[in-house]
Amino acid sequence: MSAGKIEIPKTMTAWVLGGVDELLKVEKPVPEPGPAQVLVKIDAVAICGTDIEVLLHGPPALIEGGPPFNKNFTMGHEYMGRVAKLGPGVDAFKVGDRVSVEIHAGCGQCERCREGMYTSCLNYGANYPGNDKGHRANGFTTDGGFAEFAINHVNTLAHVPDHISDEEATLIVTAGTAMYGLDVMSGLYAGKSIVIIGPGPIGLMAVAVAKALGADPVILTGTRDDRLEMGKKLGADYVINAKKEDPIQAVKKIYPKGVHYVMECSGATNALNEATQMIQRGARICLAAFPGEPYPVDLAYLVRNNVYMYAIRGEGNSATHRAASLISQKRINVKPLHTHTFPMDELPKAFKYARERIDNALKVVVVNKK
């Protein structure tokens with residue numbers, strides 16, 4: 001529903017990345033939307049684990065062809081807001097519409113973007129003077145959501161109905177990542193079995209999305225009982241605490257021949273090898289987490305058993321739009337993932353809170369005052 005005209009100042013408050021682990025509040029010009037773009041008035045933005053990685057290490061952010069530090073760069077990629085201004089040629093939205101965003105728009109011209117694989121854009125980060133291929137990945141290669149306004153390509157926006165709160169809407173992109181992981185494994189046909197390893201935000205959303213799509217059974221493995229209990233609330237048919245029992249044996253008790261799919265969302269060093277032992281021959285595995293270090297994998301086992309392997313980056317294939325539809329229809333519930341809220345003026349405090357309580361703070365959301 002459109003909420004009418006939004007006042008647009010000439011400048012806005014934004015948080016930019018200074019040096020390592022340094023956030024600075026500055027004034028920036030409010031950007032102007034170009035063709036096929038809109039200006040979004042940001043109402044809420046979630047802090048993702050990847051935001052913490054960018055703050056402390058830099059990658060996967062890439063600004064002006066290099067690290068993102070001290071380049072007047074604004075992070076934040078899981079945000080929502082209202083359409084404040086339309087660029088030329090945009091007629092799918094109205095000023096005042098509530099929208100959620102997905103991160104990646106790609107460049108629209110490389111081989112991968114033309115195939116629809118915009119999260120694998122071959123011009124990633126090429127969006128600066130002298131090397132501007134038009135690529136956008138808000139909060140990674142272009143300014144993101146820790147500000148009052150942001151520019152988004154029209155393809156990255158999804159309508160948010162009034163019955164979804166601002167905080168819930170920031171989590172649509174998390175659900176989109178889970179949806180994308182299921183997409184690449186052939187879409188997960190109803191009645192097929194799946195194990196989800198790792199009850200972090202993406203893993204828990206994978207539980208909810210898989211159940212909404214008809215998976216049976218949905219099995220969640222992890223090491224924390226409180227997260228596993230949350231998984232039950234989101235639709236898991238079985239939960240397995242890997243500290244209390246062998247997860248491979250536990251899965252085989254439930255599904256003796258092995259499951260059809262595994263979505264690995266933990267990044268644990270032995271998770272892939274465990275996944276290979278949970279599946280049946282000819283099954284599919286999707287990797288959706290970033291391990292902290294290289295680790296050995298029994299590739300011969302994968303080959304002998306004709307296992308299909310996939311890895312995803314972000315929320316491609318317009319998965320965020322379909323996830324938004326499931327949330328709008330109340331087929332999945334994202335409310336349990338939002339645990340803490342801070343005002344945007346306290347962003348450094350919110351980051352500190354998220355880092356110190358990463359085990360029990362699922363999604364910290366910061367909000368702009370209306």
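Go through segment 286-303 and give me each residue that's out of contact with any helix residue (DSSP H, G or I) (no Cβ under 9 Å at 6 or more places or on another chain) and modelled with pLDDT of 90 or more. L299, A300, V303, listed by residue number. The set of residues in segment 341-359 being modelled with pLDDT under 90 and not in a helix (DSSP H, G or I) consists of R357, I358, D359. Scanning segment 298-314 for residues that are buried (at least 20 other Cβ atoms within 10 Å of the Cβ) and more than 30 Å from V26 (Cα to Cα) yields a count of 1.
Scanning segment 262-272 for residues that are of a type in the set (S, T, Y) and touching a helix residue (DSSP H, G or I) at 6+ places or on another chain (Cβ under 8 Å) turns up just one, S266.
Of all residues in segment 140-185, those that are more than 12 Å from the chain's Cα centre (by Cα) and in a loop (DSSP other than H, G, I, E, B) total 14. None of K244, K232, K192 is of a type outside the set (A, V, I, L, M), touching a residue at least 60 places away in the same chain (Cβ under 8 Å) and out of contact with any Ser or Thr (no Cβ under 8 Å at 6 or more places or on another chain) except K192.
Listed here are the helices (runs of 4 or more DSSP H) enclosed by segment 193-305 that have at least 2 residues being under 24 Å from the mean Cα position of the chain (by Cα): 201-212, 225-233, 271-278.
The values are calculated or read from the model by the stated rules, or taken from the named source; none is laboratory data. Owing to the predicted nature of the structure, the values given are computational and were not obtained by experimental measurement. For neighbour counting, all protein chains shown are included, and Cβ atoms are generated from backbone atoms with ideal geometry for every residue, glycine included.
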